[in-house]
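Note sheet for the following structure.
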Amino acid sequence: GAVVSQHPSWVICKSGTSVKIECRSLDFQATTMFWYRQFPKQSLMLMATSNEGSKATYEQGVEKDKFLINHASLTLSTLTVTSAHPEDSSFYICSAYTPGSRTDTQYFGPGTRLTVL
Amino acid sequence: SQQGEEDPQALSIQEGENATMNCSYKTSINNLQWYRQNSGRGLVHLILIRSNEREKHSGRLRVTLDTSKKSSSLLITASRAADTASYFCATAGGGDMRFGAGTRLTVKP
């Protein structure tokens, strides 16, 4: 099956610093990647939809200047949490999807746990 | 925003018993998928049911879909302690996927 990786798997940073999370589709090309955030014991909340070569579409309530998304190639999307604060501590999960595929299945990465001190 | 709700929010059963989780959603869908997530880990895709299907089986899993009621159920038969996890339904339509709140299942040995 399709494989999506995320790097790093976990990161601890100081308040005020920026953190970049990578999402890669390893064996297929993904025109669309999604970024989700999950707080403890809660469900996944869609943050933004990233289409290769164009600006990301952010969900209501998600600050686009704080969560910078770049989808420069068909196999890589990055999420940069700028000026991170403790409330940004969360589990960030990406998924990759190719429209027009036989199913609407998204392939999920293993997640990145961010802890902001 | 979340698409739907799972119920129950938490379920505790003994090993060997069946576990049933329900999911309701709000908008029209192309398909509905169930995922499993162990604490602090990534998602594991369990099963996908298309909007024109009513029931699907995979091993000990049975999923039903009622598009008229906008609801789905996941049945895990002969549960095992290793089934302990959170289970989420997710609806897909045009590439957009929305997750329900999830059911935390605990299977006691």
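Derivation of every value follows stated rules applied to the coordinates shown; laboratory data play no part. All of these numbers come straight from a predicted model, not from anything done at the bench. Here the Cβ is made from the backbone with ideal geometry for all residues, glycine too, and neighbour counts use every protein chain on show.
Numbers below:
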| quantity | calculated |
| --- | --- |
| Pairs of Lys in chain B closer than 26 Å at Cα, counting only those 8 or more apart or on different chains | 5 |
| Order of B:S79, B:S72 - criterion: other Cβ atoms within 10 Å of each residue's Cβ, fewest first | B:S79, B:S72 |
| Around B:Q14: net Lys/Arg minus Asp/Glu count, Cβ-Cβ under 15 Å | -1 |
| Shape call, the stretch B:6-45: gyration tensor on alpha carbons, a/c limit 1.5 | oblate |
| Along each principal axis, Cα extent of the stretch B:1-96, largest first, Å | 37, 28, 20 |
| Integer Hz, Karplus 6.51/-1.76/1.60 couplings in order for the stretch A:4-14, x for Gly and Pro | 10, 10, 10, 9, x, 7, 8, 8, 10, 9, 8 |
| Gaussian network model of chain A, Cα within-10 Å springs - most flexible of A:T75, A:T105, A:T32 | A:T105 |
| Trypsin sites (Lys or Arg not before Pro) restricted to DSSP loop in the stretch A:1-109 with at most 15 other C-beta within 10 Å | A:K14, A:K41, A:K55, A:K64, A:K66, A:R102 |
| Spin-label proximity, A:S83 to the stretch A:10-31 - amide N less than 16 Å from point 7 Å beyond Cα toward beta carbon | A:14-19 |
| At R0 = 22 Å, FRET efficiency that the Cβ-Cβ distance of B:T77 and B:K108 yields, to 0.05 | 0.85 |
| Size of charge dipole - the stretch A:1-73 - debye, nearest 20, with Cβ of Lys, Arg +1 and Asp, Glu -1, no other charges | 260 |
| Among A:Q29, A:Q106, A:Q60, residue whose mean-square fluctuation peaks in a GNM of chain A (springs only between Cα atoms under 10 Å) | A:Q60 |
| Average beta-carbon neighbours from other chains, 10 Å sphere, peptide A:85-93 | 1 |
| DSSP-loop trypsin sites (Lys or Arg not before Pro) across the stretch B:11-109, with at most 16 other Cβ within 10 angstrom | B:K26, B:R41, B:R54, B:R60, B:K69, B:R80 |
| Lysine pair count for chain A [Cα-Cα under 19 Å; pairs on different chains or 8 or more apart] | 6 |
| Chain A, relative contact order [Cα under 8 Å, separation at least 6], % | 37 |
| Shielding score for B:40-52, defined as the mean number of other chain Cβ atoms within 10 Å | 3 |
| In Hz, Karplus ³J(HN,Hα) per residue of the stretch B:49-64 (6.51, -1.76, 1.60; θ = phi - 60°; x = Gly, Pro) | 10, 7, 5, 9, 9, 10, 8, 8, 10, 8, x, 8, 9, 9, 10, 10 |
| Largest to smallest principal axis extent of the C-alpha atoms in the protein assembly as shown, angstrom | 48, 39, 31 |
| Spin-label pair B:A10/A:A2, simplified geometry with 7 Å Cα→Cβ offset, distance in nm | 3.6 |
| Max mean-square fluctuation residue, GNM over chain A, Cα-Cα springs under 10 Å, options A:C23, A:C13, A:C94 | A:C13 |
| As computed over chain A, the Cα convex hull volume per residue (Å³) | 100 |
